[in-house]
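Beneath this line is the structure, given in structure tokens, with notes to follow.
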Amino acid sequence: MQVHLRTLGCRLNEAELETWGRQFQNAGHEVTRDASTAHLIIVNSCAVTQDAARKSRHLIRKIHRENPTAKLVVSGCYASLNTEEAEQLLGVDMVIPNRAKNELVDDVLNNLDLNSMPAMSTEPATISLFNRGRQRAFIKVQDGCRYRCTFCIVTVARGEEKSRTIGEIIDEINAFHQQGVQEVILTGVHLGGYGSDIDTRLSTLITHILQHTDIPRLRLGSLEPWELDDNFFTLFDTPRMMPHLHLPLQSGSDSVLRRMARRCKTAEFRQLVQHIRKHHPHFNLTTDIIVGFPGETDTEWEDSFSFIKEMKFGHIHIFSYSKREGTKAALLPDHVAKLIQKQRSQQLHKCAEQMKQQFFKQNLGQQYPVLWEGHAVQLDNGKKRVFGYTPNYIKVACEIDDSTSVENTIQSVDLVKAQDDFMLAGLT
Ligand code: SF4
């Protein structure tokens, strides 16, 4: 049977698709990128914003229109928050909410009338589900979150914290490494909460992965800036741990952070950043910021902006607050006018660009091992420009002979010049 897998939204959704893809292949089915020829289609939906939920509905309808004969299964946050509505959508044969995601493949194969015979089993993961090729893979290590940040619908959609076992995660990483993957990214809804339900913790998981796998590069997905024990940062002393963390700050104003019910205030965040940089001067810290959170006054914005500047982030994901039904923040008074939000967002984008260039300059002349990706740009001098990432997550480009292939190899480079969005490098 031909199975097509689609996702919207976060890296966790992507990681789940990777796992389902392998499970369908291990069950003798074929994963296809072509939805129009598939017998079965799985959509992993998103509902982080109202707009994301609208896009999920749109995608489900479009897929059914393009292949009305395929069986259509919908999972993910939109399906979990709007189960009945999802079940009513034309062409949907089955809705599997987040709490039942781990059993999705068995559930579908056992309960959906597929009247199909398994095809000859293909080599596991012979095709990559995503355009990024086979260099890296996202590994879901936990689901759910015990916290209740007032703007967050994910904690509602994904429920309580649930961790996969260390053994299961190591097996998956070794399976991906065997297929040629050189870098894995650990991801979860609340990654820092890994192990809270199985009496272990994230730093223990990382230690086991470094001991029981040979994966060359281990990277961490988005991580809330709290619950990181003291020896957590010693884990970055090994070159296999990528010196880059995405720590969502969300606001640089303590009174706004209080209305967001965030566990980490600016003083703790500053301490964390100083601790990291004292031990790892080229460590890359990136973050998420919500501008225009309900009630955000001019003074709060100025406080937030100056604190963000002080942190010197390598990159900032900037979101203008959008009301999300079902969250506490939606009920807060004094929502900020769109025009004000836009002005603050533009001001922060400009500042974020300057901080990125500062970080590039700080890394000029440094030598790093780069994992080269599949994407290349043809140049007209018989050369091509290839792209990859340094351990501290700087995108780099290098010009090499057209006849040379470096895809999925790790090679040492010198960073020689900062460009707008990447750095130029020379092979050493
Ligand atoms: S910690 Fe993260 S996932 Fe949990 S409620 Fe807050 S924003 Fe949502």
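Is it the case that Val291 is in the same structural domain as Met355 (by TED's automatic domain parsing), over 24 Å from Lys361 (Cα atoms) and open to solvent by less than 10 Å² (accessible area, probe 1.4 Å)? The answer is yes for Val291.
Conditions first: (1) among the small types (Gly, Ala, Ser); (2) under 30 Å from Lys309 (Cβ atoms); (3) part of a loop (DSSP other than H, G, I, E, B). Gly192 passes all but one, so which condition is the exception? Going through (1) among the small types (Gly, Ala, Ser); (2) under 30 Å from Lys309 (Cβ atoms); (3) part of a loop (DSSP other than H, G, I, E, B) one by one, Gly192 breaks only (3).
Beta carbons closer than 9 Å, at least 6 apart along the sequence or on distinct chains, pair a first residue in segment 241-252 that is in contact (Cβ under 8 Å) with a residue 60 or more places away in the chain and farther than 25 Å from Gly292 by Cα with a second that is among the acidic types (Asp, Glu) and surrounded by fewer than 23 Cβ atoms within 10 Å (Cβ to Cβ) for Met242/Glu183. The test for being of a type in the set (Lys, Arg) and open to solvent by 50 Å² or more (accessible area, probe 1.4 Å) does not hold for Lys384. Taken together, Ser304, Ser403 contain a single residue that is without any contact (Cβ under 8 Å) to a residue 60 or more places away in the chain, hydroxyl-bearing (Ser, Thr, Tyr) and in a helix (DSSP H, G or I), which is Ser304.
Can you tell me which residues in segment 364-400 are closer than 24 Å to Arg240 by Cβ and either of a type in the set (Val, Ile, Thr) or assigned to a loop (DSSP other than H, G, I, E, B) (or both)? Across segment 364-400, the qualifying residues are Gly365, Gln366, Val370, Val386, Thr390, Pro391, Asn392, Tyr393, Ile394, Val396. Return the residue satisfying two criteria in turn: it lies in segment 155-169 and is within 13 Å of the ligand (Cβ to nearest atom) and open to solvent by less than 40 Å² (accessible area, probe 1.4 Å), and of such residues it is modelled with the highest pLDDT. So, considering only residues that are within 13 Å of the ligand (Cβ to nearest atom) and open to solvent by less than 40 Å² (accessible area, probe 1.4 Å), the one modelled with the highest pLDDT is Glu161. Gly180 meets the conditions (1) surrounded by fewer than 20 Cβ atoms within 10 Å (Cβ to Cβ); (2) within 28 Å of Met311 (Cβ to Cβ); (3) more than 15 Å from the ligand (Cβ to nearest atom) in every case but one. The failed one is (2).
State whether one or more residues within segment 4-19 are of a type in the set (A, V, I, L, M, F, W, C) and more than 28 Å from Ser163 (Cα to Cα). No, because not a single residue in segment 4-19 is of a type in the set (A, V, I, L, M, F, W, C) and more than 28 Å from Ser163 (Cα to Cα). Cβ-Cβ contacts under 7 Å between residues 6 or more apart (or on different chains), taken from a first residue in segment 308-328 that is open to solvent by 80 Å² or more (accessible area, probe 1.4 Å) and assigned to a helix (DSSP H, G or I) to a second residue that is at pLDDT 95 or above and not hydroxyl-bearing (Ser, Thr, Tyr), are listed as Lys309/Cys351.
In segment 110-123 there is no residue that is of a type in the set (A, V, I, L, M, F, W, C) and either modelled with pLDDT of 90 or more or surrounded by 19 or more Cβ atoms within 10 Å (Cβ to Cβ) (or both).
The values are calculated or read from the model by the stated rules, or taken from the named source; none is laboratory data. All of these numbers come straight from a predicted model, not from anything done at the bench. Ideal geometry is used to build each Cβ from the backbone, glycine not excepted, and the neighbour counts take in all protein chains shown. Areas reflect the complete protein model, heavy atoms only, side chains present, ligands, DNA and RNA absent. Shrake-Rupley method; radii C 1.70, N 1.55, O 1.52, S 1.80 Å.
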